[in-house]
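What follows is a set of notes on a single structure, which appears directly below.
The values are calculated or read from the model by the stated rules, or taken from the named source; none is laboratory data. Note that this is a predicted model, so its numbers are computed, not measured. As a convention, Cβ positions derive from the backbone with ideal geometry for all residues, glycine included, and neighbour counts pool all protein chains shown. Calculation scope for accessible area: heavy atoms of the full protein, side chains included, ligands and nucleic acids excluded. Shrake-Rupley method; radii C 1.70, N 1.55, O 1.52, S 1.80 Å.
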Amino acid sequence: MKYIALLRGINVGGKNKVSMQILTHLFKSLGFNNVSTYINSGNVFFETDLFDSYALTQTLIKEFEIMFEFPIPILVKEIQEMRSIAESVPNDWLNDGEQKSDVAYLFPEIDSPEILNQLPFNTDYINITYIKGAVLWNLKMEDYSKSRLNKILGTNIYRLMTVRNVNTARKLPHLS
């Protein structure tokens, strides 16, 4: 099966620095095939005959911490699920100077439509949608502060998601 591991919070603001070359080596050393990465923010493609994404995740978290000497949350998704999520993003949602559109991939603990009720956003200024495995959001850049999008930072909910902009989210399922 084809999977992608989404590593949360690496190579951001000079913290939790991780070499993609060493990360690739880690995945190969665990017996995974066709290992590759996309950009420096922790997107690792791999193939394995194992079908238990929970067991895969636990192995990756443990082995990552051993190799890099710090823990990192890791979310493992099948490529087909990533494709379904990407296809759910409306075509007119962009990430450019006028709009901000992101996909927040959800860890299992919060993967429920109820998550929408827990987000601190002002829905008068931000469009949010739940799809199994993710929350999608879009807003006009001029409404950024009114949307209260930044209020999610540091919350318990935010620690249980990993965010990619829509440009990356649309590319990921097609790069494996």
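A few points about this structure:
- If you run the Gaussian network model on the chain, springs between alpha carbon atoms under 10 Å, then out of ASP102, ASP111, ASP143 the most flexible one is ASP143.
- Straight-line reach from LYS17: taking Cα to Cα under 20 Å and skipping same-chain neighbours fewer than 8 places apart, the aspartates and glutamates in range are GLU63, GLU65, GLU69.
- Farthest toward the positive end of the dipole of the chain, out of ASN34, ILE131, ILE85, is the Cα of ASN34, where the dipole comes from beta carbon charges about the Cα centre.
- Close Lys-Lys pairs in the range 86-176, where close means Cα under 22 Å and separation is 8 or more or interchain: 7
- Test item: Cα-centred dipole of the chain, Lys/Arg +1 and Asp/Glu -1 on Cβ, debye: 360 debye
- Alpha-carbon spread of the chain, three principal axes, descending order, Å: 48, 30, 30
- Exposure rule at most 13 other beta-carbon atoms within 10 Å, DSSP loop GluC sites (Glu not before Pro): the chain longest free segment: 99-176
- Per DSSP, loop chymotrypsin sites (Phe, Trp or Tyr not before Pro) in the range 95-160 with at most 16 further Cβ within 10 Å: TYR125
- Exposure of VAL76 as accessible area (Å², to 10), given a probe of 1.4 Å and all protein chains: 10 Å²
- Residue-normalised accessible area of the chain, given per residue in Å² at a 1.4 Å probe: 53 Å²
- Per-residue surface analysis assigns PHE32 an accessible area of about 20 Å², computed on protein heavy atoms at 1.4 Å probe radius.
- Calculated [222 nm] ellipticity per residue, helices only, for the chain: -8500 deg cm²/dmol; basis is -39500 (n - 2.57) per DSSP H run with n ≥ 4, divided by all residues, nearest 500.
- Distance between the range 116-161 and the range 15-66 - C-alpha centres, whole angstrom: 28 Å
- Charges were assigned to the Cβ only: +1 to each Lys and Arg, -1 to each Asp and Glu. The resulting dipole of the range 84-145 about its Cα centre is roughly 100 debye.
- Of all accessible heavy-atom area on the range 62-176, the percent that carbon and sulfur account for (1.4 Å): 47 percent
- The slack between LYS62 and ASP92, meaning 0.36 nm per residue of separation minus the straight C-alpha distance, is 6.8 nm.
- Each residue of the range 2-11 was assigned a 3J(HN,Hα) from its phi angle through the Karplus curve 6.51 cos²θ - 1.76 cosθ + 1.60 (θ = phi - 60°); the sequence is 9, 10, 10, 9, 9, 8, 9, x, 9, 6 Hz, with glycine and proline shown as x.
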